[in-house]
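Since the structure comes first, as C-alpha cells, the remarks are kept for the end.
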Amino acid sequence: MSPAPVIIAIDGRSGAGKTTLAVELAARLRARHKVSLFHLEDIYPGWNGLAAGIERYISTVLGPLSRGEAAAWTSWDWERHYDGDPRVTLPAEIVIVEGVGAAAAAARPFLSAVIWADSPEDVRRTRALQRDGETYEPYWDQWAAQESEWLAADDVAAEADLHIRNVADGGAPEDVLQLLPYLPGLAQVLAPELSARRGLSLRAERLDARPQAAELFSALYGRSANAVWLDSSNAGVSIITGPAAGGDPADPTVRTAAERSRFSILADDGGTFGQSVTHRAGASHISAGSVTASVDGPFFRWLDTVWGRRAVRAPEGYPGEFTLGWLGYLGYELKRETGGTDVSAATPDAALIFAGRAVVLDHADGTAWLLALDAPDAAEWLDTARTAVQAAAAAAAAAPTGSDTQDAAELAGAAIVGGSTGVGGSSVPVFASRDSGVTYRAKIAEAQREIAEGNTYEVCLTTTLAARVPAGSLDPWSTYLALRRRNPAPFASYLAFDGLAVASTSPERFLRIAADGGMRAEPIKGTRRRAADSTEDDALRTELATSLKDRAENIMIVDLLRNDLSHFAVPGSVTVSRLCAIESYATVHQMVSTIDATLPPGSPRAEAVAACFPAGSMTGAPKISTMAILDHLEAGPRGIYSGAIGYFSLNGATDLAVAIRTLVIRADGDGTAQLTLGVGGAITSDSVPDEEYDEIRTKAYGVLSTLGAEFPDP
C-alpha cells in the first residue's frame, strides 16, 4: 500500500486526443515522479457499455488507486466482444486516468484535477477512425449517442480545471504542464516543476539603437491577440519640474521624472513560455497555447504563487528592473481582497500576460535590449526581434523630427479629426456621464457631510464617461498613438487583450518594488490645466504650488501611503523624499510627492502590493471606510480605471502606474464597441463643488480632445 496519490483525469468525447495527451503527459511527468496510467477503453464492456464501463472503472480501478492500493480489474476483449484478461494497475505518486467518463460525477470526489479535451466533431471522427480503423466506424454514431446522453446529465466540461482545444500540433503536453502546477490540488506534488521555473536561463542582446517604438511594436506584435506596451511616451520630451523653470538636472525632482521615463517594454504572450490570465470575482483563468486552467481563490494569493521569488539573474550590464514576467492591469474591483466590498465590473478584475521574451528600450542610453527565456524557439525570435529593431531604428533616423512621439499621425493611417492631434475615425464619439453636473455636485455635498461627521477625511469621488460606437469606426491602436502624441506621459501604456484595449497616458506611479527591496510610491493630488499663454500658464502653476487645499489633499494621501508601505517595510525605513513638488505635462500641472521604504528580504511581495492596493490617491483616507462611502456614492464599478498597470518581473521587481487618463475600449460582440473614461477628484471639507467639477473636466480634456469629443454637459 502506497500513500494516496494525486489523480488526474483526462476526459472528453471520442477522438479528442485524450490517449495521446495522457501518454505524452505521463512520459514528461516520469522525469521527476512515479506515474501510473489507466485507459478507460480497456474496461468498457462493449459498444453499448459506456455507462457500465464508468461504473466498473470507479469501483474496481479508481477506488483502490485513490487509497494507494493496487487495482485489479477485468479487461474487455474488443475482438471477441467478451471479458478479457485480468489486469492490475499499480498505485503511484501520480495516477493519470483517461477516457470518456474518466471525470464522471461519481468519479470526481476521487480526483485531484480534471482536464477536458475538445476538438471539432469532424476532427474527432477522423482522428478516432484513423486510430481504431474499420472496427470503430460502424459503431461511431452508436457510441456518440451514448456520449451525448451521458453529457446531457453530467456536464463534465463545466467542472473541469483545465480545458484544452486539442489541435494535435504536439504542443498540448507542454501547455498542460505549464498550467497544472497552478491547481491547488497538484501544487505540492508538482513542486519540482515549479522549482525548475525558478532556475530559468535568460538570453539577452544589447543593440545600440533608438527605434521608433510604435513602429517596432506594430511590427512585432501588431497581429498578437494579447500584447502589452509599457510606454514611456514622454522620454525626450521636456517636462518642467521643481523650482527650476527649465528643469535643472541638479533638482531631485527632475532626476525623479527622468527615472520614471527611462524604459519602455514591448511584449506579447507568444513563444514557449507565453501565458495569459484573467481574473473575475474569485476565479483566475490562465491560458497557455491551447490550454486554459480555472483556479478558484483570491487573485493576490494566485499572484503569490507565480511571482515574488527571484527566478532569473539580470544580464550583465543591463540597467533595467524588468527581466521578463507578467504584464497587464489590476482593476479597481480587486479591492474586495483588500478590505473593500464586492462589486462586479464589465471588464475582468485583472488581466495579465506572461512574457517569456520582450524588447526593453533604454531611452537614456539609446539602446534596445532583447530578452528571451532560453527555449527551442528563442534563437528564431531573437533574429526576428533584432531585424525589427534595426528597421525601426532606421525609420527613426530618417524621420524629419527624430522624435518617437511625433510618429502617431503617420502610423495612425486614417484621416485626422480635430486637428493635428486628433484621432481618425468615421464619426466623433458622443459621451454620456454616469452623473450630470447637478448630480456630481450633490455627491460632493454628500461626501462633505461624511467628512463633517468624522467618517472620513478625504473622498476621491469619481464618475464614468461612456460612449458606444460602431466597432469599426474607432481603431484602438490608432487611438492610442494619437493619445500618446497629444499627452505624452511617463507611464503611458497600450494593452490589448483579445477584444479589450486599454489606452492610458497615466503620469502617476502607484508602487515600485525593486529587485533589491526598495519601495516607492508617488501619489499625485492637485491638478491645474495648461494654458497656451505662457504668463497664464505660469500663474496656474504658481496657483497650484501655493494652494493650501491641494497641499492638504496631497499630504493626507502621503500619510495614508506611509501607513500602507509600513505594513511590510523595514521599521524606520519609510521616508518622504519629495513633498508637494510640481510637475508640468502636456495638458496639466500636477502636485507630486514621493514616499520611499525598504522591503525586508523574504517578504511576500504579492502581499506587499495588496497592502497598498488600490492606490490611496484614488480612494481617500482612511482607505477602507472611505471605499465603502465611495461604493454608496458612485453606485457603480470603476473597472480598470483607478486600478494599476505595469509589470511583475521574474527577479521580484514590480513597477505599477495608477490607471488614470485611461480610455478603455471593449468590443461587445454585437458590432459595437464601448468606450469608457473614468475621471474624478479629491473632496475635502473645504472643496468648492464648481471647482471640483471643473477639475474633472480638465482631467478628461486630454483624452476627449484627442477623440474630437466634448465633455457631456450638463
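The values are calculated or read from the model by the stated rules, or taken from the named source; none is laboratory data. Computed from a predicted structure; not experimentally measured. Positions of Cβ are generated from backbone atoms using ideal geometry, with glycine treated the same way; all protein chains shown enter the neighbour counts. Note: areas computed on protein heavy atoms with side chains; ligands, DNA, RNA excluded. Shrake-Rupley method; radii C 1.70, N 1.55, O 1.52, S 1.80 Å.
Structure above, values below:
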| quantity | calculated |
| --- | --- |
| Number of the condition not met by R434 [criteria: (1) modelled with pLDDT under 95; (2) surrounded by fewer than 18 Cβ atoms within 10 Å (Cβ to Cβ); (3) under 27 Å from the mean Cα position of the chain (by Cα)] | (1) |
| Residue check, D85 open to solvent by 10 Å² or more (accessible area, probe 1.4 Å), among the charged types (D, E, K, R) and in contact with a Gly (Cβ under 6 Å, 6 or more places away or on another chain) | no |
| Qualifying residue in region 215-222 (condition: buried (at least 20 other Cβ atoms within 10 Å of the Cβ), in a strand (DSSP E or B), out of contact with any His (no Cβ under 9 Å at 6 or more places or on another chain) and at pLDDT 95 or above) | no |
| Complete set of residues in region 508-543 that are more than 29 Å from Y329 (Cβ to Cβ) and either open to solvent by 50 Å² or more (accessible area, probe 1.4 Å) or part of a loop (DSSP other than H, G, I, E, B) (or both) | A531, A532, D533, S534, T535, E536, D538, A539, T542, E543 |
| Cβ pairs under 8 Å, 6+ apart, first in region 314-332 and under 25 Å from I660 (Cα atoms) and open to solvent by 20 Å² or more (accessible area, probe 1.4 Å), second assigned to a loop (DSSP other than H, G, I, E, B) and among the polar types (S, T, N, Q) | E321/N651 |
| Yes/no for R578 being surrounded by fewer than 24 Cβ atoms within 10 Å (Cβ to Cβ), assigned to a strand (DSSP E or B) and modelled with pLDDT under 95 | yes |
| Test: residue in region 249-262 that is modelled with pLDDT of 85 or more, surrounded by 18 or more Cβ atoms within 10 Å (Cβ to Cβ) and closer than 25 Å to Y494 by Cα | yes |
| Any hit, region 339-356, residues being part of a strand (DSSP E or B), crowded, with 24+ Cβ neighbours inside 10 Å and not aliphatic (A, V, I, L, M) | yes |
| Answer residue from region 557-568, given it is touching a residue at least 40 places away in the same chain (Cβ under 8 Å) and crowded, with 22+ Cβ neighbours inside 10 Å and is farthest from G517 (Cα to Cα) among those | I557 |
| Test: R32 is more than 25 Å from L194 (Cβ to Cβ), crowded, with 16+ Cβ neighbours inside 10 Å, of a type in the set (D, E, K, R) and touching a Pro at 6+ places or on another chain (Cβ under 8 Å) | no |
| Any pair with Cβ under 6 angstrom, 6 or more apart, that starts in region 268-297 at a residue that is more than 17 Å from D118 (Cα to Cα) and ends at one that is assigned to a strand (DSSP E or B) and charged (D, E, K, R) | G271/R357; A283/D296 |
| Qualifying residue in region 63-71 (condition: out of contact with any Ser or Thr (no Cβ under 6 Å at 6 or more places or on another chain), under 29 Å from R124 (Cα atoms) and open to solvent by less than 50 Å² (accessible area, probe 1.4 Å)) | no |
| Close pairs from region 6-28: first touching a residue at least 12 places away in the same chain (Cβ under 8 Å), partner assigned to a strand (DSSP E or B) and of a type in the set (F, W, Y), Cβ under 6 Å, at least 6 apart | D11/W116; G12/W116 |
| One residue from T587, T546, T594 being hydroxyl-bearing (S, T, Y) and open to solvent by 40 Å² or more (accessible area, probe 1.4 Å) | T546 |
| Pick from region 272-285, criterion in contact with a Lys or Arg (Cβ under 9 Å, 6 or more places away or on another chain) and surrounded by fewer than 19 Cβ atoms within 10 Å (Cβ to Cβ), ranking: modelled with the highest pLDDT | G282 |
